[in-house]
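Working notes, structure below.
The values are calculated or read from the model by the stated rules, or taken from the named source; none is laboratory data. This one's a predicted model, so the numbers in the text were calculated from it and none came from an experiment. When we count neighbours, we look across all protein chains shown, and the Cβ atoms used for this are built from the backbone with ideal geometry, even at glycine.
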Amino acid sequence: MMIWRRVAGALCLMAGLSAGAATSLAQATTPGQPDMETQTFGSWTMRCVAKGTAGPVCDIVQGVTNRETGKQIMQVSFAYIAEKDKYAVQVVLPLGFLIPPGVLVRIDGAPDITDWPVTRCEPQGCLIEHLMDAEVLKPFRTKDKGTVIVLGAQGKPLGFPMSFNGFSAASDAMTARNKAAGKGK
């Protein structure tokens, strides 16, 4: 749990990004956050904070918005933790789902992921925070899409889509930046 606190602090607060992010590569400073650099890879955005931050300097993120309201309903973030040689995942889901059945990540043509626990709920939503080996991310690199599934209050499945367009390039760039930052310590 201690490592996640370091990771969470380094990842910054979740940005409101939609799953349909631009497909071209772009590099810019995020407005209102002059110490954050972003680069878009398909449906994923790499965010890097200025040096001097504890933990990883970059993460990759994808948000899903409700088409009717324009509000973000889910966000997924991955960061490579160089000193542990592991990846941290953080998923923010809306409040109002049944926690005991857990969260299911279904990836087309790959085994389901069932071991990402809900670690806490806060006013902005419930969080899944988990450390994993690179092996777990292989389907994200080779498949096109997936779905995070929870059970709603009435016991009916609620699915939140993820696109893996650009995931490999974003993950490779983020991992390289975090490894380089880890060597500089």
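How many of the residues in the range 43-65 are touching a residue at least 24 places away in the same chain (Cβ under 8 Å), outside any strand (DSSP E or B) and aliphatic (A, V, I, L, M)? Write out each step before concluding.
The initial filter retains those residues of the range 43-65 that are touching a residue at least 24 places away in the same chain (Cβ under 8 Å), namely 43-49, 51, 53-65.
Remaining after also requiring outside any strand (DSSP E or B): 43, 51, 53-57.
Next cut, aliphatic (A, V, I, L, M) only: 54, 57.
The total comes to 2.
Identify, from the list Y80, Y87, the residue that is farther than 16 Å from P161 by Cα, touching a Leu at 6+ places or on another chain (Cβ under 8 Å) and either modelled with pLDDT of 90 or more or not in a strand (DSSP E or B) (or both). So that I can check it myself, show each step before the final result.
Working: Y80 fails: touching a Leu at 6+ places or on another chain (Cβ under 8 Å).
Only one candidate passes the filter, namely Y87.
Mind listing just one residue for me: the one in the range 108-124 that is in a loop (DSSP other than H, G, I, E, B) and touching a His at 6+ places or on another chain (Cβ under 9 Å) and, of those, surrounded by the fewest Cβ atoms within 10 Å (Cβ to Cβ)?
Going through the range 108-124, the residues in a loop (DSSP other than H, G, I, E, B) turn out to be 108-112, 114-117, 123-124.
Filter once more, so that each one left must be touching a His at 6+ places or on another chain (Cβ under 9 Å): 115-117.
Numbers: D115: 11, W116: 19, P117: 13.
Only one residue fits best here, namely D115.
Quick check: is even one residue across the range 92-104 free of Cβ contacts under 8 Å to residues at least 60 places away in the same chain and either charged (D, E, K, R) or in a helix (DSSP H, G or I) (or both)? Break it down stepwise before answering.
Residues of the range 92-104 free of Cβ contacts under 8 Å to residues at least 60 places away in the same chain: 94-96, 98-104.
Imposing the further condition that a residue be either charged (D, E, K, R) or in a helix (DSSP H, G or I) (or both) reduces the set to none.
For the range 92-104, residues free of Cβ contacts under 8 Å to residues at least 60 places away in the same chain and either charged (D, E, K, R) or in a helix (DSSP H, G or I) (or both): absent.
Select, from L131, L127, the only residue that is surrounded by fewer than 18 Cβ atoms within 10 Å (Cβ to Cβ) and either assigned to a strand (DSSP E or B) or among the polar types (S, T, N, Q) (or both). Full working, then the answer.
Numbers: L127 fails: surrounded by fewer than 18 Cβ atoms within 10 Å (Cβ to Cβ).
After ruling out the rest, the residue left standing is L131.
Scan the range 151-179 residue by residue and report those that are within 15 Å of G63 (Cβ to Cβ) and crowded, with 20+ Cβ neighbours inside 10 Å. Talk me through it step by step, then tell me what you get.
Initially, the range 151-179 is screened for residues within 15 Å of G63 (Cβ to Cβ), giving 160-167, 170.
Hits for the range 151-179 are F160, M162, F164, G166, F167, A170.
Residue check, G182 against (1) within 15 Å of the chain's Cα centre (by Cα); (2) in contact (Cβ under 8 Å) with a residue 12 or more places away in the chain, all met but one. Which one?
(1)
Take G63 and decide whether it is surrounded by fewer than 24 Cβ atoms within 10 Å (Cβ to Cβ) and either within 18 Å of T175 (Cβ to Cβ) or of a type in the set (A, V, I, L, M) (or both). Lay out the reasoning, then the answer.
Numbers: surrounded by fewer than 24 Cβ atoms within 10 Å (Cβ to Cβ): yes; either within 18 Å of T175 (Cβ to Cβ) or of a type in the set (A, V, I, L, M) (or both): no.
So G63 fails the test.
Find the residue count for the range 144-178, including only residues that are aromatic (F, W, Y) and either more than 16 Å from V64 (Cα to Cα) or not in a strand (DSSP E or B) (or both). Even if it seems obvious, please write down each step before you answer.
First, pick out the residues of the range 144-178 that are aromatic (F, W, Y): 160, 164, 167.
Subsequent filtering for residues that are either more than 16 Å from V64 (Cα to Cα) or not in a strand (DSSP E or B) (or both) retains 164, 167.
So the answer is 2.
Select, from F97, F140, the only residue that is surrounded by 13 or more Cβ atoms within 10 Å (Cβ to Cβ) and either touching a Lys or Arg at 6+ places or on another chain (Cβ under 8 Å) or at pLDDT below 95 (or both). First the steps, then the outcome.
Details: F140 fails: either touching a Lys or Arg at 6+ places or on another chain (Cβ under 8 Å) or at pLDDT below 95 (or both).
The conditions single out F97.
Regarding the range 66-77, can at least one residue be identified that is of a type in the set (A, V, I, L, M) and either modelled with pLDDT of 95 or more or not in a strand (DSSP E or B) (or both)?
Taking the range 66-77 and keeping what is of a type in the set (A, V, I, L, M), we get 73-74, 76.
Narrowing the set further to residues that are either modelled with pLDDT of 95 or more or not in a strand (DSSP E or B) (or both) leaves 74, 76.
The answer is yes; a qualifying residue exists.
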